[in-house]
Amino acid sequence: PSGADTFCDFKAIKVDETSLSLDVYVTGTTKPNALNVNYNPDIVLMKFNQNSSGSSVNIQFQKELAGISGSTRLDEVQAICKVGENKWAIGGHTNTNSSNPFDAFLIIFNENLGIQQKRKVATASDSEKVRDIVYNPDNNKFYVLLEIAPDTTSAVKSAAIVTCEATQFALVIDGVQNFTTTSYNLWDARFDLDEFGDFLIAGTSYSGSNP
């Protein structure tokens, strides 16, 4: 972004290995509003084309996204993933227009960064954040790893996996599987999908509410 008191911070990157130019998709946060810091940050989404040797890239498209929960709310992004033919997803969290904690969100866009669908994944009282996204081409579904906490500052955290599908006209959620622990909390979780369709989750283990 241009102007004073602004910055751009990239959070996630993914290369489309199926594209001829090995397109690079990047997402992150930007703080364009110098007058009211409570409106920040917003989301920046960019697509780059690589040259044949991969030694340089050029910007093809750039887009800024804001106001997922309203024009005066923050929007944070954490993950990006290809989730189908000419379909990409980013996920993160936003604060709400009420006293409730963070809500997770998902946005589906195409290779031109055109927004196709978006929706929140939220409960009535807990705080949810998107931590990671993986895609299974065998069933055309993608999976979202959520961090669940009772509020935005709690050290008590657990995880959930959301099964999703980006159809032509809707972002469909097929189910949510919660994972809880009894003797520790799961922080900063990431996950992946192996060749057998099993999930592998890694993160930081906290005993009780202390490191």
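The values are calculated or read from the model by the stated rules, or taken from the named source; none is laboratory data. Being a predicted model, the structure only gives us computed values, none of them experimental. Ideal geometry is used to build each Cβ from the backbone, glycine not excepted, and the neighbour counts take in all protein chains shown. For the accessible areas, the whole protein counts, side chains as well, though only heavy atoms, and no ligand, DNA or RNA atoms are used. Shrake-Rupley method; radii C 1.70, N 1.55, O 1.52, S 1.80 Å.
In the stretch 178-206, what residues are out of contact with any Ser or Thr (no Cβ under 8 Å at 6 or more places or on another chain), part of a strand (DSSP E or B) and of a type outside the set (A, V, I, L, M, F, W, C)?
Once the filter is applied, which keeps residues that are out of contact with any Ser or Thr (no Cβ under 8 Å at 6 or more places or on another chain), part of a strand (DSSP E or B) and of a type outside the set (A, V, I, L, M, F, W, C), the stretch 178-206 yields 190, 192, 203, 204, 205, 206.
Let me confirm something: among 188, 194, which residue is over 18 Å from residue 90 (Cα atoms), touching a strand residue (DSSP E or B) at 6+ places or on another chain (Cβ under 8 Å) and charged (D, E, K, R)?
194
Residue pairs, Cβ under 9 Å, 6 or more apart or interchain, first in the stretch 6-34 and within 11 Å of residue 47 (Cβ to Cβ) and among the polar types (S, T, N, Q), second open to solvent by 10 Å² or more (accessible area, probe 1.4 Å) and not in a strand (DSSP E or B). List them.
19/111; 21/51; 21/52
Out of curiosity, is residue 122 open to solvent by 10 Å² or more (accessible area, probe 1.4 Å), small (Gly, Ala, Ser) and in contact with a strand residue (DSSP E or B) (Cβ under 9 Å, 6 or more places away or on another chain)?
So residue 122 fits the description; yes.
Restricting the stretch 162-185 to residues that are β-branched (Val, Ile, Thr), open to solvent by less than 80 Å² (accessible area, probe 1.4 Å) and in contact with a strand residue (DSSP E or B) (Cβ under 6 Å, 6 or more places away or on another chain), which is nearest to residue 131 (Cα to Cα)?
Filtering first and then ranking leaves 162.
Matching residues to (1) touching a residue at least 24 places away in the same chain (Cβ under 8 Å); (2) not acidic (Asp, Glu):
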site: 114; (1), (2): no, yes
site: 132; (1), (2): yes, no
site: 142; (1), (2): yes, yes
site: 153; (1), (2): no, yes
site: 156; (1), (2): yes, yes
site: 165; (1), (2): yes, no
site: 175; (1), (2): no, yes
site: 178; (1), (2): yes, yes
site: 194; (1), (2): no, no
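Looking at the stretch 102-130, which of its residues are more than 17 Å from the chain's Cα centre (by Cα) and either of a type in the set (S, T, N, Q) or under 18 Å from residue 42 (Cα atoms) (or both)?
112, 123, 125
With the structure loaded, tell me whether residue 149 is of a type in the set (A, V, I, L, M, F, W, C) and within 20 Å of residue 103 (Cα to Cα) or whether it fails that test. Write out each step before concluding.
Working: of a type in the set (A, V, I, L, M, F, W, C): yes; within 20 Å of residue 103 (Cα to Cα): yes.
Yes: the conditions hold for residue 149.
Would the stretch 125-148 turn up any residue that is open to solvent by less than 30 Å² (accessible area, probe 1.4 Å), more than 20 Å from residue 65 (Cβ to Cβ) and among the β-branched types (Val, Ile, Thr)?
Yes.
Out of 194, 198, 188, 151, report the one residue that is loosely packed, with under 13 Cβ neighbours inside 10 Å and at positive phi.
188
Name the single residue that is nearest to residue 155 (Cα to Cα) among those in the stretch 185-211 being at pLDDT below 85 and either β-branched (Val, Ile, Thr) or in contact with a Phe, Trp or Tyr (Cβ under 7 Å, 6 or more places away or on another chain) (or both).
That would be 206.
I'd like to check something: does the stretch 93-109 contain any residue that is assigned to a loop (DSSP other than H, G, I, E, B), at pLDDT 90 or above and open to solvent by less than 60 Å² (accessible area, probe 1.4 Å)?
Scanning the stretch 93-109 turns up at least one residue that is assigned to a loop (DSSP other than H, G, I, E, B), at pLDDT 90 or above and open to solvent by less than 60 Å² (accessible area, probe 1.4 Å).
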